[in-house]
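Participant: One structure, pasted below without further comment.
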């Protein structure tokens, strides 16, 4: 049987503060919900606005970092996979599809509310080596630029 592909990337704002809890095995799990805004043309030709609400879970250290650094209204970028689960509650069979987060990038600057800013930082651990800083003029790393304006004549393309 052919292997399937299950990946989703979402960018939206948290609808509530993340909820961090421990399962009986001691592992941390963080639950939060994203509001995803979209525009479409309705049958009358007018633009319509709609919002979709998606539940997300983040496990282990990723979930702990999300709960620690993100609050209601903050924009995030979530990379993960769709997962369905079902259970019985009060004699009723229930089911839901949610996103199991593999990476969460916090958008906007620290302390900013809705809207976001220029930067972002990821809750996932770094997987590669740290970027090298250089003092040579032609090989300046992004970290070295600070708040200096970018000279467009220095860009080679």
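Participant: Multiplying the sequence separation of residue 68 and residue 48 by 0.36 nm and subtracting their Cα-Cα distance, what value in nm do you get?
Facilitator: Once the chain is fully extended between residue 68 and residue 48, it gains 3.7 nm.
Participant: At 7 Å along Cα-to-Cβ for each site, give me the label-to-label distance between residue 81 and residue 41 in nm.
Facilitator: Rounded to a tenth, the inter-label distance reads 3.8 nm.
Participant: Where does each of 83-89, 13-19 land if you order them by average Cβ count within 10 Å, highest first?
Facilitator: In descending order of packing, they fall as 13-19, 83-89.
Participant: Also: Could you compute the FRET efficiency for residue 11 and residue 93, with r as their C-beta to C-beta distance and R0 at 41 Å, rounded to 0.05?
Facilitator: Numbers: r = 33 Å, r/R0 = 0.80.
For residue 11 and residue 93, the calculated efficiency is 0.80.
Participant: Provide the gained length on full extension for the span residue 21 to residue 4, in nm with one decimal, where the gain is 0.36 nm per separating residue minus the Cα-Cα distance.
Facilitator: Values: separation 17, 0.36 × 17 = 6.12 nm, distance 3.10 nm.
Extending this stretch completely gives an extra 3.0 nm.
Coordinate-derived values only; no laboratory data. Note that the coordinates shown come from a computational prediction; the quantities given were computed from them, not determined experimentally. Cβ: placed from backbone, ideal geometry, glycine included. Neighbour counts: every protein chain shown.
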